[in-house]
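Heads up: the structure comes next, in structure tokens.
The values are calculated or read from the model by the stated rules, or taken from the named source; none is laboratory data. What you are looking at is a predicted structure, and each value in this text was computed from that prediction instead of being measured. Here the Cβ is made from the backbone with ideal geometry for all residues, glycine too, and neighbour counts use every protein chain on show. In case anyone asks, the SASA skips ligands and DNA or RNA and just uses the protein heavy atoms, side chains included. Shrake-Rupley method; radii C 1.70, N 1.55, O 1.52, S 1.80 Å.
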Amino acid sequence: MAEATERNVPIVLHSLSARHAIPEETYMIPASWRRFQLSELINKVLASDKAVPFDFFVGETAGGERLRGSLGDVSATGEELIHLTYLPSILPPTHLSTYNHDDWVSSVAITPSPQPAAGKHFLTGSYDGVVRVWNGASETVAELRGHEGPVSGVCWVPTQGQKDVEEGEQWVASSSHDRTVRVWKIPSLTPSTNVPPPSTVLTLPLHTAAVSSVTSALPSSGSGPVMLLSAGWDGLVGLWEARVPSTHEVPEEEDVEDGGRKKKRRRNAGTDGGKRKAPLHVLRGHTGTVSRAVFSSQDSSVGFSAGHDHTVRSWDLDMGVETAVRHASTVIRSIDVLAGSNVLVTGHADRTVCLWDTREEATNISVRLVSHTSHISTVRAHPTSPHLLSSAGLDGTMRLWDARSPKQPLFMVVRAPGNDKGPEEKKILGMDWDGEVLASGGEDCAMQLHRAEARQ
């Protein structure tokens, strides 16, 4: 046994990150070495000031099996050349805190600004119709009341450079089963008796059925109002400007088409509903519920949507026209765009996470990530890495993935139900990931935070 542990094996190390690449030469390495010693070697060759841990995969791509033991487990004789591919690792996620609610938590959003966990703020949307803002100390900063049905989606609305925003204000948006999107103004995230309460500044009354989601983006030009995308059960996608008009742009009650019949839309906003805003474009093409619509991570004049009609659709948002349709075989429940790339990630009812390269003329799925045991409810891309993403499912788990290593997730988080709920109430309905904290909400009537820091 002593001879087996002391023998050397030849290896070549291939980096998937140009920043951490070392010469692809043959190294004679003790067969007993594991991930830790190999990481030390790479950091020494790179002369890194701060040690970076790496994950290793057998082969010249990250499609091989992960190295979990020693090099001797890979090389039986010690004579054959071993190729290992490596990339910066993600630390194992750890539970931070639980924020209890009175009803199911359908959606969560983390402040986009880089902050330590204690300095972050979190948005939650609940089936009790309330949007809540929380701080890192598990305290409620604000409760936004006005929706007449369950809240289905929430997002932060960028305020930098916006004419309608006063100093210190935060804006957020929410979608609801009451068929509306609301944009809210929060005067301050620091509680004070001298600060006015939050209020609705805009109501967006387009949809004739429940609204699935709302997302926001700054204009690609760098100037102009923030843009919003709403997706609905009526098969429509709405494009909006988050600019407050001087007067209402939509009557409080109007005739709308419903299967060829005329019917009255419910009164969507009273005196507390802010200004009623008309959409810039109504995007038509889906033939069923639209699960989510998102902006391109490179160009906010491009949008993508996915839905129950098994399609992913691309949109020219300047013109308000559809530019491409991609087909899946099952219902698509969520969509996002990998940071700084042309790759879409979708979550499906058949338990798969799929990647689509929009640069390719082919409209089929590029990569499938298979690990969940139930429907995927949410997928979210890492905010800055073009390779990292997260998924959450009705199986009560969240998984962190590297698109370069699609055979298995980097980590799986089994989310124990909070709020004294039983193991059967484990479904995750909403999730967000800012690269440091993984926030999730579900049928346990709680938002949970996990530390999930990723190194690029």
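A few notes on this one:
- Note on Ser48 and Glu360: with the Förster distance fixed at 41 Å, the Cβ-Cβ geometry gives a FRET efficiency of about 0.70.
- Rounded tilt (10° steps) of 35-46 against the dominant C-alpha axis of the chain: 90
- For the stretch 55-102, the fraction of C-alpha pairs farther apart than 11 angstrom is 75 percent.
- Å² per residue, accessible surface of the stretch 360-456 at 1.4 Å: 36
- Scattering from the chain was approximated by placing one identical point on each alpha carbon and applying the Debye formula without solvent; log10 I(q)/I(0) at 0.07, 0.09, 0.10, 0.11 1/Å stands at -0.39, -0.62, -0.74, -0.88.
- Across the stretch 326-390, the volume of the C-alpha convex hull divided among the residues equals 69 Å³ per residue.
- Counting only heavy atoms of the protein chains and using a 1.4 Å probe, Ser138 has close to 50 Å² of accessible surface.
- Protein accessible area in the chain, 1.4 Å probe - carbon and sulfur %: 49
- Cross-linked pairs Lys50/Lys407; Lys185/Lys277; Lys163/Lys275; Lys120/Lys407; Lys277/Lys427: Cα-Cα separations exceed 25 Å for Lys50/Lys407; Lys120/Lys407; Lys277/Lys427.
- Largest first, the three principal axis extents of the alpha carbons in the stretch 1-112 are 62, 32, 25 Å in whole numbers.
- Built from the Cα atoms of the stretch 356-407, the convex hull projects on average onto 4.1 nm², one quarter of its surface area.
- Accessible-area order (highest first, 1.4 angstrom probe) of the listed residues His308, His327: His327, His308
- Most to least accessible of Glu425, Glu443, Glu6, Glu249 (protein chains only, probe 1.4 Å): Glu6, Glu249, Glu425, Glu443
- With both residues required to sit in the chain, DSSP beta bridges show an antiparallel share near 95%.
- Percent of C-alpha pairs per 10 Å bin in the stretch 331-456, short distances first: 14, 47, 31, 7, 1, 0.
- Added length on full extension, which subtracts the Cα-Cα distance from 0.36 nm per residue, Lys421 to Arg284: 45.2 nm
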